[in-house]
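Read the structure below first, then the notes.
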Amino acid sequence: MKKKTKAAILASVASVLLVGFALVRKLRRRRLPRAPYVNHAVEREHYINSILHGSERHCVSQIRMKPIAFHQLCHILTEGEYIRPTIHMSVQEQVLLFLHIIGHNVRFRVIGSRFYRSTETVHRYFKVVLRGVLKLYRALIRLPSENTPPEIRDSRRFYPFLKDCVGAIDGTHVRASVPPEIQGRFRGRKDGTTQNVLAAISFDLKFTYVLAGWEGSAHDSRVLNDAFARPGGFSIPEGKYYLGDARYGNKNGILSPYRSVRYHLKEFSDRPPENEQELFNLRHSSLRTTIERGFGVLKKRFRVLDAEPFWSFETQVKVVLACCVIHNHIMGVDPADYIMESAMNQEAAKGNKPSNTFKAGSFALVAKEISAQFGVECHPSYVENRLRTLRTMWKDIQTIRKKSGFGWDDNMKMITCDAKTYQEEVMAHRKHAEYLNKKIEMYDELAIVVGKDMATGSFAKSYVDIDTEHDNAESNEMVGDNGEEGVVEKGKNAVESSTTGSTFSKSRKRGRAPPSDDSALTDLSDQLKEIAVALKEINRGPVDHTSLYSEVMAMVADGYSEDMLATAFDHLCENEKAAMGFLAKNGKLRKCWMDSFLFTQL
């Protein structure tokens, strides 16, 4: 019996093993097939060759230039050692990556998947090529010749009337991505946030000067004045001039059209010019459309200028300059491609420009709210005029604060100065008296409405500024503040190897500021203590007249007579807010207040 049981068990085990073995073999046969092996290097080379050695139209559609212009650009960058080949990536691939990104506004991860590169690698080589292209600025963007341009010399319409004209100048708006706290400054006459780019162009459609980075709310004439004032900035040959629109006005080197007279070409389509002024404006407009065509070609060639950017604003400014450099290179090598032909056939759209960054509907809403709340009739034009007055007021306040001899009491929102400085400022600008040694009412509200939205030009850069930054970066690469090499970017510990192929191949660590000494810490501690005491005094409540009298009369030691101090004490007793402000000030600010008060009593 036992033998039969044992045999049955063994037979069952054997059958289970056989079934399991059969299932395993069946499952192995049904396993998912492995993905086919892809040779990334071969696929990458095949894709690059399909662009550079395929049809010219396909090459232009991909990298925005013909192969002859591409190879010439690579040659210039390599010959000047602005870009170097590496064991991982050739110069041709580096430049092709860069052109593909700015030509189509492609994200790094998308271009990385197409070229079988990591996002970090694409980002690194993008910055390498961007720096290299900007090094070509001086060679490709140059001031025009003093000779009469052939476009004028060979035309009976323009010569000899405009024989001293060397080009046209104008501004254009490029999409900008900035933090929310400063977006107000970048909202101008265009939708969304933009940067105002100033450019001068010759009649062969080559840029002769570019200044990028000004906030979109800045007026064109303000950007032009900044370009003239910058070291190594915009200059016009003696006796020559550029054509500008009416926003620039007539000034030395800028010729504008007649105002309130027909100007745009489409306005003369049905009716020819009827007098000398209209004839001049027609000739002026015919030549100045060169700058419009230049901007049209630039934006059509590099889509990144008309799309929402995805990198820092500093890089956005550099990309605009780099696009202008590459545009000039293409115009010098082989400009006749289908992008140029398409852009030249499109007339630049023109429209009215509002006088400020607020829409007309906003003024209407504010006027309606004022009328409903206060029971008075308020017209939108009143709101617009008031806003213009507030802007002027804010500009005056900031101008005074920047002058030497003036201080700022942030607790009382007041500009402080001594009696002598007060007298000199009031003699020069009588209207400024209302801002000196007096609390500026609703200062914080004024800052919100107009202060934070006013263009400052702090982001604007031409090639001179970027070239200086590069020189500083090169020196910082060698030795940091602490004698060490610093980090490439915040949050990255990776070090750029020598295979980047750039002159900036060494790792860069952001230098750290040297530790502050004990005296600096002591000064900071004292300032924090004074602030705390001031806040305590302000929030104390009703003024203690006994304490006020003691503090005022204690200034006898500073050389003030008791009669003068008694007059000041009486004034402070009648003005509780002024008394609270006086008690909150330190000794230096009290002396400034006292000098100003006594001066008003004279």
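Find, among the trypsin sites (Lys or Arg not before Pro) in the range 136-182, those assigned to loop by DSSP (not H, G, I, E, B) with at most 16 other beta-carbon atoms within 10 angstrom.
Working: sites: Arg138, Arg142, Arg153, Arg156, Arg157, Lys163, Arg175; in loops: Arg142, Arg156, Arg157, Lys163.
Answer in residue order: Arg142, Arg156, Arg157, Lys163.
Which whole-number value in Å³ per residue fits the convex hull of the alpha carbons of the range 188-253?
Numbers: hull volume 6.9 nm³, N = 66.
Taking only Cα atoms, the range 188-253 has a hull volume of 105 Å³ per residue.
Quick one: in the range 67-182, what % of C-alpha pairs are over 24 Å apart? The partial results should precede the final answer.
Numbers: 3325 of 6670 pairs.
Percent of Cα pairs beyond 24 Å in the range 67-182: 50.
As a test question: what accessible area, to the nearest 10 Å², does Thr172 have when a 1.4 Å probe is rolled over all protein chains in place?
That residue has around 20 Å² of solvent-accessible surface.
Using heavy-atom solvent-accessible surface (probe 1.4 Å) with all chains present, what is the largest-first order of Ser462, Ser547? Please list the in-between numbers first.
Details: Ser462 5, Ser547 40 Å².
From most accessible down to least: Ser547, Ser462.
Note down the magnitude of the dipole of the range 189-271 about its Cα centre, charges +1 on Lys and Arg C-beta and -1 on Asp and Glu C-beta and zero elsewhere, to the nearest 20 debye. Mind dumping the intermediate values first?
Details: 12 positive and 9 negative charges, 37 e Å.
The calculated dipole for the range 189-271 is roughly 180 debye.
On alpha carbon coordinates alone, what is the Rg over Rh value for the range 253-341, Rh being the Kirkwood radius? Before the final figure, lay out each step's value.
Working: Rg = 17.6 Å, Rh = 15.8 Å.
When Rh is taken as the Kirkwood radius, the ratio is 1.11.
Once label points are set 7 Å from the Cα along Cα→Cβ at both Phe228 and Lys439, what is their separation, rounded to one decimal in nm?
Computed distance between label sites Phe228 and Lys439 equals 4.3 nm.
Quantify, in whole percent, the carbon and sulfur part of the accessible surface of the range 35-112 (1.4 Å probe; protein heavy atoms only).
Values: 2080 of 3930 Å².
Looking at the range 35-112 in its full context, I get 53 percent from C and S.
Over the Cα atoms of the range 389-439, what radius of gyration and what Dmax do you get, in Å?
Looking at the range 389-439, its Cα Rg and Dmax stand at 10.2, 29 Å.
Of the cross-linked pairs Lys318/Lys395; Lys163/Lys266; Lys251/Lys438; Lys240/Lys299, which ones have a Cα-Cα span greater than 31 Å in the structure shown? Display every interim value, and only then the final one.
Numbers: Lys318/Lys395 29 Å; Lys163/Lys266 25 Å; Lys251/Lys438 39 Å; Lys240/Lys299 29 Å.
Result: Lys251/Lys438 exceed 31 Å.
Counting Lys and Arg as +1 and Asp and Glu as -1, each charge on the Cβ, what is the dipole of the range 96-157 about the Cα centre in debye, to the nearest 20? Write down the numbers at each step before the final one.
Details: 13 positive and 4 negative charges, 44 e Å.
Magnitude of the dipole: close to 220 debye.
The values are calculated or read from the model by the stated rules, or taken from the named source; none is laboratory data. Quick caveat: nothing in here was measured; it's all calculated off a predicted structure. No Cβ is skipped: glycine too gets one built from the backbone with ideal geometry, and neighbour counts run over all protein chains shown. Calculation scope for accessible area: heavy atoms of the full protein, side chains included, ligands and nucleic acids excluded. Shrake-Rupley method; radii C 1.70, N 1.55, O 1.52, S 1.80 Å.
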